[in-house]
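A.B. asks: Quick one: structure below, then a few questions.
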Amino acid sequence: MMVTLRQRQKGNKISLYLDYYKNGKRKYEYLSLYLIPAPEKGRLTKAQKDVNNKILSLAESIRSKRLLEIQNGLYGFNDQEKLKGFFIIYMEILAQNKLDSKGNFDNWDSAIKHLKKYNPKDVSFANLDSKYVEGFRDYLTKTARTAGNKPLTANSAHSYFNKFKAALKQAVKDGIIRANPADQVSSLPVGDNEREFLTNEELQSVIKHECEIPVLKTAFLFSCLSGLRWSDISKLVWSEVQHSKEYGWYIRFTQKKTKGTETLPISDQARNLLGKMDKPTEKVFKGLKYSAWHNIKLQQWIMKAGISKTITFHCARHTYATLQLTLGTDIFTVSKLLGHKDLKTTQVYAKIIDEKKMLAANKIILDFELPDDQKFAN
């Protein structure tokens, strides 16, 4: 038996598939993995090459695993359903489809890494049952550790378990398994998010300080004024920045996270922050990148203003939501401005405001003592 990894050009993608050969007979298995072809004129960028190398590495690991499965008698040459292999390999294939969204892919990648620690030898679809699902859920809450050797937060465990369940659900859709073993297992609760944000005073302070990466400062402040996510700001093009006499300036865009089309009004100040309009297809924030180095530069800029909070780019969106509610905008309107599908998502910010109000109520203390008969007991 020979199992060979092959490539076939399909439009603007290169499809990867396995060629099974035995006794003059051939079978093919397409892996739903695609390489980026080199342009007719020019070369692939380093980022594109890195993506291709990752996909080739994954495809080669699938090929090796298929060969081992066949040699061990787990699968017959004609058993196409079983040739679809083991669950973690399948989940890795699904994760490759998330490469265009870094945050989403990183979550899938982390979930897979924890799944491999829970079950290093992988598991066949035939052995996937509710006990296996329960075991992974318990591993995430009781055993799993971060890179810093700390227990996972409730939100991280919830997110990774949801990616695991999403893969099982997709396996049912693909006809690999008939029933979803996760249907019989309770989900993990979402933890209370510590949503860090800047107060109005802190925001005024950071504006006065220079950031080593000017476009990062501009993009962060624009997010504070509009509530746009990083994923939507990084891909924003000038054709999406629009104006009308009735509505003034607004952004007409498709949310990368939800895929919903949104119309987001922005203030004149937010528009002026963007500067001179360029060609419709040009990005508004040229040179804006996501990396650990850029995150450090963002934090250093915040620290220059004397703020000790741990601030990421997403905190700008939290700042927008919190300030809107603080300044009296009703929660339903804020929910629509943020593009939330569920009002419950926005209510997290309302809880923050309520806590701030309680703290503020106790800040005023007068220097006098009440007579004992006027005091009340809690």
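A.B. asks: Counting only residues that are in contact with a strand residue (DSSP E or B) (Cβ under 7 Å, 6 or more places away or on another chain) and modelled with pLDDT of 80 or more, which one in region 57-86 is surrounded by the most Cβ atoms within 10 Å (Cβ to Cβ)?
C.D. replies: Ranking the qualifying residues of region 57-86, first place goes to I62.
Each row is one residue, and each column tells you yes or no for (1) assigned by TED's automatic domain parsing to the domain that holds L298; (2) aliphatic (A, V, I, L, M); (3) touching a Ser or Thr at 6+ places or on another chain (Cβ under 9 Å).
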{"site": "P214", "(1), (2), (3)": "yes, no, no"}
{"site": "K217", "(1), (2), (3)": "yes, no, no"}
{"site": "L221", "(1), (2), (3)": "yes, yes, no"}
{"site": "I233", "(1), (2), (3)": "yes, yes, yes"}
{"site": "V237", "(1), (2), (3)": "yes, yes, yes"}
{"site": "T263", "(1), (2), (3)": "yes, no, no"}
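A.B. asks: Would a scan of region 180-201 turn up a residue that is crowded, with 17+ Cβ neighbours inside 10 Å, in contact (Cβ under 8 Å) with a residue 60 or more places away in the chain and more than 28 Å from S308 (Cα to Cα)? Working first, answer last.
C.D. replies: Just the residues of region 180-201 that are crowded, with 17+ Cβ neighbours inside 10 Å, to begin with: 180-182, 185, 188, 197-198.
Keeping just the survivors that are in contact (Cβ under 8 Å) with a residue 60 or more places away in the chain gives 197-198.
Okay, now just the ones that are also more than 28 Å from S308 (Cα to Cα), so none.
No, region 180-201 has no match at all.
A.B. asks: Take the conditions at pLDDT below 80 and either in a helix (DSSP H, G or I) or more than 14 Å from A167 (Cα to Cα) (or both) and apply them to G135. Does it pass? Spell out the reasoning first.
C.D. replies: Values: at pLDDT below 80: no; either in a helix (DSSP H, G or I) or more than 14 Å from A167 (Cα to Cα) (or both): yes.
Against the criterion (at pLDDT below 80 and either in a helix (DSSP H, G or I) or more than 14 Å from A167 (Cα to Cα) (or both)), G135 does not qualify.
A.B. asks: For region 200-241, which residues satisfy the criterion of being charged (D, E, K, R) and farther than 29 Å from I353 by Cβ?
C.D. replies: To start, the set of residues in region 200-241 that are charged (D, E, K, R) comprises 201-202, 208, 210, 212, 217, 229, 232, 235, 240.
If the condition is that a residue be charged (D, E, K, R) and farther than 29 Å from I353 by Cβ, then E210, E212, K235, E240 are the ones that fit.
Condition check ((1) among the small types (G, A, S); (2) in contact with a Phe, Trp or Tyr (Cβ under 8 Å, 6 or more places away or on another chain)) across all residues:
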{"residue": "N272", "(1), (2)": "no, no"}
{"residue": "G275", "(1), (2)": "yes, no"}
{"residue": "Y290", "(1), (2)": "no, yes"}
{"residue": "M303", "(1), (2)": "no, no"}
{"residue": "T333", "(1), (2)": "no, no"}
{"residue": "K336", "(1), (2)": "no, no"}
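A.B. asks: Taking region 114-124 on its own, how many of its residues are under 27 Å from the mean Cα position of the chain (by Cα), within 14 Å of I89 (Cβ to Cβ) and not in a loop (DSSP other than H, G, I, E, B)?
C.D. replies: So the first thing to find is which residues in region 114-124 are under 27 Å from the mean Cα position of the chain (by Cα), and the list is 114-120, 122-123.
Okay, now just the ones that are also within 14 Å of I89 (Cβ to Cβ), so 115-116, 119-120, 122-123.
If we keep only those that are not in a loop (DSSP other than H, G, I, E, B) as well, we get 115-116.
Qualifying residue count, region 114-124: 2.
The values are calculated or read from the model by the stated rules, or taken from the named source; none is laboratory data. Since the model is a prediction, treat every value here as computed from it, not as a measurement. Every residue, glycine as well, gets a Cβ built from its backbone with ideal geometry; the counts of neighbours run over all protein chains shown.
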